[in-house]
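Student: Sending over a structure as structure tokens; questions will come in a sec.
The values are calculated or read from the model by the stated rules, or taken from the named source; none is laboratory data. Note that this is a predicted model, so its numbers are computed, not measured. Cβ placement follows ideal geometry from the backbone for every residue including glycine, while neighbour counts extend to all protein chains displayed. Just the protein is used for accessible areas: all its heavy atoms, side chains included, with ligands, DNA and RNA removed. Shrake-Rupley method; radii C 1.70, N 1.55, O 1.52, S 1.80 Å.
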Amino acid sequence: MSKRVSKYNKTTMSLAVGSIVLLSGWVNASSFSVDGTTISSNGAGFSQQSANTYYLPSANGELTTLTFSDGRGLTLTSSEQSAFASSSSANVVGILSGGSTVNAVLGYGNASTITIADAISGQSLVTGRYGQLGAGLGFEPAFVFDYSNGELAIRAVKSISGIDNTGSFTFTSGPTYFSLGSFLLAMATPSYTLADAAPSLLSASYGLTANLTTTSLLLHGAHSRPMGRYVAPQQRTFWAAGDFGTDNHGDRDGKIGLAEFGAGYNYGTVQLNAAIGQTWAEQNLINSGEVEVDGMYLMLESIIPLSLERGMYATLSAYHHWGDIDINRGYLVGGAQNFSSGSADSNTWGLRARVDWVDAFAVKSTNLSPYVDLSYNHSTLDAYTETGGDFPAQFDKRKDEITELRLGVNSATPINSSKLDFVTNLEAVHRFDDSASNTAGQIVGAGFSFNVAGQAYKQNWLKAGVGLEGEVGAGKLSVMLNGTSKSELSDAWLAVSYTLAF
């Protein structure tokens with residue numbers, strides 16, 4: 001049973017011993033309801049004393065069980081006392097089903113000792129001594145229940161004429177707003193099952209998905225048109241580039257971006273390029289959770305002429321991306337909002353092989369350049385343990401792999417009286433993988449492990465782009481707006497780059 005008291009559960013219960021004078025003339029009832037919760041008893045009946053106050057005499061020598069329609073329970077026991085002056089025998093036991101239990105042992109008799117302690121930790125909450133509670137043989141303690149706005153106050157009284165309030169008490173826990181003291185009875189943390197947890201656990205797996213989306217943008221965003229940076233033999237090139245967009249396909253809701261610097265040299269038989277950059281992504285999750293992904297990458301690329309006469313070139317690319325992922329998982333426990341958060345390192349690498357057929361066809365003044373592109377990405381997310389919330393989870397290490405084939409065509413149409421071309425792109429994509437890897441781990445506080453199936457991938461989609469490209473100042477400027485149909489890539493982004501050749 002959990003010792004934790006949910007900070008989101010505003011319902012509290014208090015048990016108190018104090019002096020009170022009850023109204024007389026009560027009528028028995030088997031149950032009463034307040035604040036949408038019904039309380040019933042298998043013992044003596046209740047009497048309503050005020051709007052939210054009910055009286056229940058003890059059942060002498062019998063077990064009296066109180067049940068609550070919201071799943072909690074309280075048990076009161078009272079033993080018949082044959083010699084009041086010699087021993088203590090009455091007791092009150094508070095039980096919260098499925099959670100912490102606080103035992104309150106109420107002794108009666110001459111100067112009897114009262115001890116109220118937490119049954120889990122053994123910590124003494126209230127200690128002290130009563131004066132003589134009973135006026136003679138036949139005394140039966142009674143109890144008053146005040147239940148309002150989710151708070152249940154239980155007060156032991158001497159019949160309906162009050163209680164002898166002599167004696168002193170020392171409080172080690174709880175408030176002191178009753179004459180002889182009181183303490184808070186810890187509410188049981190609401191149950192939390194795999195069915196409750198599964199949506200948020202799957203949502204948390206989007207941390208690795210968002211990481212793969214950023215690396216896909218690296219290959220098929222900033223480096224989607226490698227021939228745009230191809231220079232003449234024995235020439236050097238330098239560029240700065242950035243992609244900025246949104247990632248809102250399906251149930252995703254976020255933004256994404258990257259920025260890089262790169263340089264290259266054409267040796268004649270091959271042009272070698274190298275780039276270094278930074279990526280970032282944010283994704284909103286269910287129940288107000290969120291993911292933040294940050295990383296750095298290094299990319300190497302070679303462009304090899306296959307046939308200069310026919311304008312055919314092969315591009316081989318490899319990259320390594322490393323970073324960290326911060327995940328704030330939001331979930332509901334008994335209708336109350338919870339957050340558990342964790343951070344983990346990510347490591348991704350990828351390869352790409354591509355063939356471009358530059359200016360293969362012309363339609364009037366528009367040149368068309370088809371291409372075929374095959375890529376592979378491998379990403380891992382280290383194991384991590386969440387902190388905070390009622391039910392933090394421990395996540396196992398996770399690995400994902402994706403392989404994609406792209407067939408597309410680029411076009412360039414000169415704009416009259418300018419050094420700019422109107423450029424377009426149309427691309428068809430097939431992802432060979434049909435789903436992400438499972439998310440596994442355990443929620444120790446709830447007592448179960450999990451192995452949640454990864455989200456299904458969209459395997460086929462289209463990408464399109466329009467923009468301008470041409471000489472601006474000493475270099476070449478490229479600005480292109482891109483978008484995809486429902487896919488695993490960003491839904492829309494703006495790609496901007498400026499390239500110098502020297």
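Student: Could you compute the net charge surrounding Q271? Neighbours are other residues with a C-beta less than 9 Å from the C-beta of Q271; K and R count +1, D and E count -1. If you can, show how the numbers build up before the last one.
Tutor: Details: positive: R229; negative: E301.
Around Q271, the surrounding residues sum to 0.
Student: What are the principal axis extents of the Cα atoms in region 194-501, in Å, biggest first?
Tutor: For region 194-501, the Cα spread along each principal axis is 68, 34, 33 Å.
Student: Would region 260-383 count as rounded, prolate or oblate if I go by the C-alpha gyration tensor, calling it rounded below 1.5 in a/c and otherwise prolate when a/b exceeds b/c, oblate otherwise?
Tutor: Details: a/c = 3.80, a/b = 2.34, b/c = 1.63.
Verdict is prolate for region 260-383.
Student: Lysine pairs in region 194-501 with alpha-carbon atoms under 27 Å apart, 8 or more places apart or on different chains: how many are there?
Tutor: Close lysine pairs found across region 194-501: 17.
Student: Once you have the Cα-Cα distance between T366 and S449, take 0.36 nm times their residue separation minus that, and quote the gain in nm to one decimal.
Tutor: Result: 24.0 nm gained on full extension.
Student: Give me the distance in nm between label points sitting 7 Å out from Cα along the Cα-to-Cβ direction at M312 and V496, one decimal.
Tutor: Using points 7 Å along Cα→Cβ, the separation is 3.8 nm.
Student: Could you provide, to the nearest whole Å², the per residue accessible area of region 394-502 with probe 1.4 Å? All intermediate terms of the calculation are to be shown ahead of the outcome.
Tutor: Values: 5250 Å² over 109 residues.
For region 394-502, the solvent-accessible area averages 48 Å² per residue.
Student: Whole-Hz Karplus ³J(HN,Hα) for region 283-299, in order, using 6.51 cos²θ - 1.76 cosθ + 1.60 and θ = phi - 60°, x for Gly and Pro?
Tutor: 9, 7, 10, 5, 6, 6, x, 7, 10, 10, 10, 10, x, 10, 8, 10, 10
Student: Compute the length gained on full extension between L332 and D294: take 0.36 nm times their separation in residues and subtract their Cα-Cα distance, giving the result in nm to one decimal. Intermediate values should be presented prior to the final figure.
Tutor: Values: separation 38, 0.36 × 38 = 13.68 nm, distance 2.75 nm.
Here the segment from L332 to D294 would lengthen by 10.9 nm.
Student: Okay, moving on. Count the net charge of all other residues whose Cβ sits under 12 Å from the Cβ of Q442, scoring Lys and Arg as +1 and Asp and Glu as -1. Display every interim value, and only then the final one.
Tutor: On the way: positive: none; negative: E386, D396.
Value of the local net charge: -2.
Student: Considering only protein heavy atoms and a 1.4 Å probe, what is the carbon-and-sulfur percentage of the accessible area of region 314-433? The partial results should precede the final answer.
Tutor: Numbers: 3230 of 5310 Å².
Solvent-exposed carbon and sulfur of region 314-433 make up 61 percent of the total.
Student: Kirkwood hydrodynamic radius (Cα pairs, Å) of region 452-492? Present the calculation step by step, with values, prior to reporting the outcome.
Tutor: Numbers: mean 1/r = 0.0784 Å⁻¹.
Roughly 12.7 Å, rounded to one decimal.
Student: When each pair of different Cα atoms in region 394-483 is counted once in the 1/r mean, what is the Kirkwood radius in angstroms, to one decimal?
Tutor: Values: mean 1/r = 0.0586 Å⁻¹.
Taking every pair of different Cα atoms in region 394-483, averaging 1/r and inverting gives 17.1 Å.
Student: Apply the Karplus parameterisation 6.51 cos²θ - 1.76 cosθ + 1.60, with θ equal to phi minus 60°, to every residue of region 214-221 and state each ³J(HN,Hα) to the nearest whole Hz, in sequence, with x for glycine and proline.
Tutor: The phi angles translate into 5, 6, 5, 5, 4, 6, 10, x Hz.
Student: In addition: With the crude spin-label approximation of a point 7 Å out along Cα→Cβ, what separation in nm comes out for L462 versus V479?
Tutor: 2.6
Student: On a full-extension model of 0.36 nm per residue, what is the gain between F432 and A274, subtracting their alpha-carbon distance, rounded to one decimal in nm?
Tutor: Taking F432 through A274 to full extension adds about 54.0 nm, to one decimal.
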